[in-house]
Amino acid sequence: MLRFLTAGESHGKSLVAILDGLPAGVPIKPEAIDAEMKRRQFGYGRGPRMKLESDHVDILSGLRRGITLGSPVALEILNKDFSIDRLPIVTQPRPGHADLTGAMKYDHRDIRNVLERASARETAARVAVGAICKQLLSQLGIELASHIMAIGSTRAKPVSKLSIQQLRKKADGSPVRCLDPQATKQMMREIDACLKRGDTLGGIFEVIAGGVPLGLGSHVQYDRRLDAILAHAIMSIHAVKAVEVGDGVLAASLPGSQVQDEIFYSKARGFHRSSNRSGGFEGGMTTGQPIIVRGFLKPLSTLRKPLRSVEINTKKAVVATVERSDVCTVPAAGVIGEAMVAFELAKAVLEKFGGDSLRELKRNVDGYLRHLKQF
């Protein structure tokens, strides 16, 4: 089974990830991993840390001459501001952060013991893991991209249909990774206004995966439904408070005749649909259409003009502590969302098709796809 763990603190020596269960024989390009790290650090509204740090991933194990061995892949990302033991004690929790709840749960009188690990800095390790999973998926013709649908009160207009490569290129060419040029300008204005007020902004990102074969996931048990698994993965990203698959929110207000994706058949195409309101899922299984999943982020918890709080020792009214932070991380969250979807898709592929090597995996996938054409 494909799995990963991360370790490390925001101002610790490094972040570490171990990815276990990759098949042997997968070619891995380190420069492609670092390119994903750069995408995570990009975006209008990011703080000074993104200028300070240019993340680089060291691959410590699991590869030889650029090819996976089938053994665990260990990754390390050094923090350039390693200062965790010199930083001051924190006793003024931030509303909306893990600060107070984590301190009470783990019996800490220094909130820094919580916030260092609860920081979204941890997602750098996830992006590194996702970058490797993307390279596995690309061997099977599965590609991913993301874009920003909303920041604050500004929502992007839908764009004409783009390929995964076109969508990714256009999104990464925008300062906020938005496909709508007019919305991009308004989003940047909202971010600027928020910065002046000492406030923060949330928003919506969308991840799209193309080339996914029909039949990943299963309807037979709740924990095997792949759309539910992806919802869990997206919800695990810092500040995400809601997840949508396909037109899930809109569908709740429409009659069934305007929601379901009708089924057609032709000799040339086989079974197919003319719409994808379901976001690529039926009964927790992939339909062969593009997967569409969205994450909704609340505004970040660290405000430059802090909210009211209580000092944990004296119990006196104070304002919350102010840690170095961003005004808006929605553009980066889309990249993190890609990484989490990539991991879960790679895991689902390996669970269905097996294979201790890439060659074996490809044989299994090819045989299954031939079966589907004959159905």
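What follows is calculated from the coordinates using simple rules that are stated; it is not laboratory data. Quantities reported herein were computed from a predicted structural model and do not represent experimental measurements. Positions of Cβ are backbone-derived with ideal geometry, glycine not excepted, and every protein chain shown enters the neighbour counts.
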Query raised in the report: What does the charge dipole of the range 3-373 about its Cα centre add up to, to the nearest 20 debye, if the Cβ of each Lys and Arg holds +1 and the Cβ of each Asp and Glu holds -1?
Result: 660
**Report entry** Subset of K13/K241; K38/K80; K38/K347; K105/K305 violating a 22 Å alpha-carbon distance limit
**Finding:** K13/K241; K38/K347; K105/K305
Query raised in the report: Volume per residue, Å³, of the convex hull around the alpha-carbon atoms of the range 130-197?
Result: 96
Query raised in the report: Considering only G102, G203, L179, whose Cα is most displaced toward the positive end of the charge dipole of the chain, charges sitting on Cβ of Lys, Arg (+1) and Asp, Glu (-1)?
Result: L179
Query raised in the report: For the range 230-253, list residues with backbone N below 17 Å from a point placed 7 Å from the Cα of S275 toward its Cβ?
Result: 245-253
Query raised in the report: In terms of Cα to Cα distance under 17 Å, which aspartates and glutamates are near enough to K170, apart from those fewer than 8 places away along the same chain?
Result: E36, E143, D180, E206, E338
Query raised in the report: So what's the angle, to the nearest 10 degrees on a 0 to 90 scale, between helix 226-235 and the longest Cα principal axis of the chain?
Result: 20
Query raised in the report: Most fluctuating residue of A128, A239, A103 in a GNM of the chain with Cα springs under 10 Å: which is it?
Result: A103
**Report entry** 0 to 90° range, to nearest 10: angle between helix 181-197 axis and the chain longest Cα axis
**Finding:** 20
Query raised in the report: 222 nm [θ] for the chain, helices only, -39500 (n - 2.57) per DSSP H run of 4+, per residue, to 500?
Result: -10500 deg cm²/dmol
Report task. Mind checking the range 119-193 for trypsin sites (Lys or Arg not before Pro) that DSSP puts in a loop (not H, G, I, E or B) and that have at most 14 other Cβ atoms within 10 Å? Result -> K161
Query raised in the report: What fraction of the Cα pairs in the chain, stated in percent, has a spacing above 27 angstrom?
Result: 51
Report task. Excluding R224 itself, calculate the net charge of residues whose Cβ lies under 13 Å from the Cβ of R224, where each Lys or Arg counts +1 and each Asp or Glu counts -1. Result -> -1
Query raised in the report: Length gain on complete extension for the stretch R65 to R324, per 0.36 nm per residue less the alpha carbon to alpha carbon distance?
Result: 89.3 nm
Query raised in the report: Does anyone have the angle between helix 330-353 and the longest principal axis of the chain? Alpha-carbon axes, 0 to 90°, nearest 10?
Result: 40
Requested in this report: Take the chain, connect every pair of alpha-carbon atoms lying under 10 Å apart with a spring to form a Gaussian network, then pick out the residue of P306, P158, P30 with the largest mean-square fluctuation.
Outcome: P158
